[in-house]
1. Out of curiosity, is Asp62 open to solvent by 10 Å² or more (accessible area, probe 1.4 Å) and without any contact (Cβ under 8 Å) to a residue 24 or more places away in the chain?
2. Could you please give the count of residues in segment 132-147 that are touching a Ser or Thr at 6+ places or on another chain (Cβ under 8 Å) and either of a type outside the set (Lys, Arg) or within 9 Å of the ligand (Cβ to nearest atom) (or both)?
3. Identify all residues within segment 12-42 that are open to solvent by 10 Å² or more (accessible area, probe 1.4 Å) and within 16 Å of the ligand (Cβ to nearest atom); write none if there are none.
4. Go through (1) part of a loop (DSSP other than H, G, I, E, B); (2) among the small types (Gly, Ala, Ser); (3) surrounded by fewer than 20 Cβ atoms within 10 Å (Cβ to Cβ); (4) more than 16 Å from the ligand (Cβ to nearest atom) for Ala176 and report which single condition fails.
5. Taking Ile184 as meeting all but one of (1) within 15 Å of the ligand (Cβ to nearest atom); (2) on the phi > 0 side of the Ramachandran plot, write down the number of the exception.
6. I'd like the full set of residues that are within 16 Å of the ligand (Cβ to nearest atom), out of contact with any Ser or Thr (no Cβ under 6 Å at 6 or more places or on another chain) and not in a strand (DSSP E or B), limited to segment 98-120.
7. Is it the case that segment 132-142 has a residue that's in contact with a helix residue (DSSP H, G or I) (Cβ under 6 Å, 6 or more places away or on another chain) and not acidic (Asp, Glu)?
Amino acid sequence: MNYRHAYHAGNFADVLKHSVLFALIEALKAKDTPFALIDTHAGSGCYALDSEEAGKTGEYRDGIARLLFPDLHGTGQGPLPALLRRWLDSVLALPGNEQGLKVYPGSPLQAAQAMRATDSAQLCELHPEEASRLRELFHHDRRVHVHHRNGYEALKALLPPKEKRGLVLIDPPYEAQEEEYRLIEAALKAALQRWPNGIYAVWYPIKLRSQVQPFLRWLQRCGARRVLQAELLVHPDDSPLRLNGSGMVILNAPWNLDQVLREPLQAMARLLSQEHAASWRLDWLIKEGDTPVSQTRHVRPLPQSKRPG
Ligand code: SAM
């Protein structure tokens, strides 16, 4: 287990993942009854952007910083979609960010920030140091339960949650490469049997498109009622050597999630576009009997004259 999220916190993949997470939590909050969040791969919960790790890669600069400071990158054309604005405001409202973006909250802290007093979170993290930081971060929060254990295995014990509604976030480091998809499929299969109505959101990296396809095909016969796929690519998906983009698949997604995410994805593609056109994709892989319709869009890269530096 070598992966440390501190090197990547706030990058373009986190921007996609966490804005989708934010939209899902907003959808759950539309009802008064409490919900449960289960985060199978939680990380340490919060990341200092002036740390040695974040400084080494500077990945947040081509991620969340581009949304916060679009004028610096020549991409500032009009206001952000309301969902992205609310998400950024919630990040900036965290302790430590009073003077601007200094800390980037991971999925557990973003969720805890958005949850109500009656909602609950179960956080699993296998790495001992990350788990102990996570426990320290939430020791005062009675809504949040930290488990130092394998998130895939913990699902069996944690599902279905007593609230009977909620969300499972599966965000592994993919150190097992393509084998990770087989672990996810097995976990989802067992989870859907125990809790067929839960919402499941899975993040995946995009290097070579062919590496993701078997998983996407598996999802089409996984038994969920609806599966929405949201992707954002800042490079073409034809190189195994770097992270070209990432995606989220949402099983049992709220019926209007595609409408909620369309404008934010369009804006993220414009703001996060690097030397190539960024592209985004929003497809229902399954929608209660409908045939899937692809809505891939491309955004032109910035002209050289408008690029920083
Ligand atoms: N979800 C976090 C966020 O959005 O802020 C980031 C999680 S990071 C991509 C993946 C984390 O999973 C790492 O902290 C790693 O230590 C942990 N991990 C790896 N294998 C695991 C497993 N089987 N169960 C639980 N945690 C695991």
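1. Numbers: open to solvent by 10 Å² or more (accessible area, probe 1.4 Å): yes; without any contact (Cβ under 8 Å) to a residue 24 or more places away in the chain: no.
Spelling it out, it is not the case that Asp62 is open to solvent by 10 Å² or more (accessible area, probe 1.4 Å) and without any contact (Cβ under 8 Å) to a residue 24 or more places away in the chain.
2. The initial filter retains those residues of segment 132-147 that are touching a Ser or Thr at 6+ places or on another chain (Cβ under 8 Å), namely 133-134, 137, 143-145.
Now restrict to residues that are either of a type outside the set (Lys, Arg) or within 9 Å of the ligand (Cβ to nearest atom) (or both): 134, 137, 144-145.
Matching residues across segment 132-147 total 4.
3. Once the filter is applied, which keeps residues that are open to solvent by 10 Å² or more (accessible area, probe 1.4 Å) and within 16 Å of the ligand (Cβ to nearest atom), segment 12-42 yields Phe12, Phe22, His41.
4. (4)
5. Exception for Ile184: condition (2).
6. Within segment 98-120, the first condition is being within 16 Å of the ligand (Cβ to nearest atom), and the residues that meet it are 101, 103-115.
This time we only want the ones that are out of contact with any Ser or Thr (no Cβ under 6 Å at 6 or more places or on another chain), so: 101, 103-112, 114-115.
Across segment 98-120, the qualifying residues are Leu101, Gly106, Ser107, Pro108, Leu109, Gln110, Ala111, Ala112, Ala114, Met115.
7. No, segment 132-142 contains no residue that is in contact with a helix residue (DSSP H, G or I) (Cβ under 6 Å, 6 or more places away or on another chain) and not acidic (Asp, Glu).
The values are calculated or read from the model by the stated rules, or taken from the named source; none is laboratory data. A quick note: this is a predicted structure, and the numbers were derived from the prediction, not measured. Positions of Cβ are generated from backbone atoms using ideal geometry, with glycine treated the same way; all protein chains shown enter the neighbour counts. In case anyone asks, the SASA skips ligands and DNA or RNA and just uses the protein heavy atoms, side chains included. Shrake-Rupley method; radii C 1.70, N 1.55, O 1.52, S 1.80 Å.
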